[in-house]
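A quick write-up on the structure given underneath.
The values are calculated or read from the model by the stated rules, or taken from the named source; none is laboratory data. Keep in mind that this is a model prediction, so the values were computed, not measured. Here the Cβ positions follow ideal geometry from the backbone for every residue, glycine too, while neighbour counts run over all protein chains shown.
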Ligand code: PLP
Ligand code: CA
């Protein structure tokens, strides 16, 4: 029952939960911070979990930054994290592309986090097609202008703040020519300052629509099996002794449920609300084992 943990006294929730797990797999936005602002007491809560000997991993679907850029973001906001503790959808997508031994390059629709991780993984990043990024052409002109480079063997799509019709054309033509279609994540929208803004799912969805497809070949973000295997195999996390903590039911809690995590914790400091949990329970959807107002409620 999803609300049982929430209704129980807070310290009972914490001591029981803390005994059952030695690892925390933590979502970032909506759990640690909101945009560029740390969520109340989250910095102290992480310190307390570390003091208790818990291993911490940070898992984000945001593909905008590389893991090294995330190390800097953590430090700037007052958190501490080493690169090995950080798993991003861009990192997982780059690892997946490397594992395919493409013998060619990857065309990226998305931010620099994806390009940086591909370079670190030793995968060639394709140039933008000649003609730059000006969108002022017609579909007819694009037919001759945007002929796919035969060296492109995969297309990775994440949230791209300079997404254009031209990029849909080129990505969809590369995929039609045989490139593997990989998404960093499928979050339809993300909250920014209380406003729902288009996420990677919106860019992926446009390319799917152009191709008459429902989904890409591979998704790398939460709650995908590829993300789960990086958490398990590359980082050695035993999910039967782990708590997965997040602010979304469809990504974070789903990841924990799919991975048979010992505990799934929804924090109400982000996207999902108590009403969403009640609705999911009524619909037979995925629900967390514990609901807390914010991360710090697990330890203080
Ligand atoms: N993708 C983008 C572009 C975002 O802005 C965000 C959150 O703000 C996310 C994904 C989700 O990140 P997380 O998994 O850390 O909640
Ligand atoms: Ca989140």
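When the residues of segment 15-31 are narrowed to those that are part of a strand (DSSP E or B) and more than 6 Å from ligand 2 (Cβ to nearest atom), which ends up surrounded by the fewest Cβ atoms within 10 Å (Cβ to Cβ)?
We begin by selecting, within segment 15-31, every residue part of a strand (DSSP E or B); these are 23-27, 29.
So of that shortlist, the ones also more than 6 Å from ligand 2 (Cβ to nearest atom) come out as 23-26.
Values: 23: 22, 24: 24, 25: 29, 26: 26.
So, considering only residues that are part of a strand (DSSP E or B) and more than 6 Å from ligand 2 (Cβ to nearest atom), the one surrounded by the fewest Cβ atoms within 10 Å (Cβ to Cβ) is 23.
The residues of segment 40-80 that are free of Cβ contacts under 8 Å to residues at least 40 places away in the same chain and more than 16 Å from ligand 2 (Cβ to nearest atom), listed by number, are 43, 47, 50, 51, 53, 54, 71, 72, 75, 76, 80.
Residues in segment 159-184 that are in contact (Cβ under 8 Å) with a residue 60 or more places away in the chain and either out of contact with any strand residue (DSSP E or B) (no Cβ under 7 Å at 6 or more places or on another chain) or farther than 21 Å from residue 62 by Cβ (or both) were compared, and the one that is surrounded by the fewest Cβ atoms within 10 Å (Cβ to Cβ) is 180.
Highlighted here are the strands (runs of 3 or more DSSP E) found entirely within segment 159-209 that include at least 2 residues which are modelled with pLDDT under 95: 189-192, 195-198. Exactly one residue among 265, 292 is within 15 Å of ligand 1 (Cβ to nearest atom) and touching a residue at least 24 places away in the same chain (Cβ under 8 Å), and that residue is 265.
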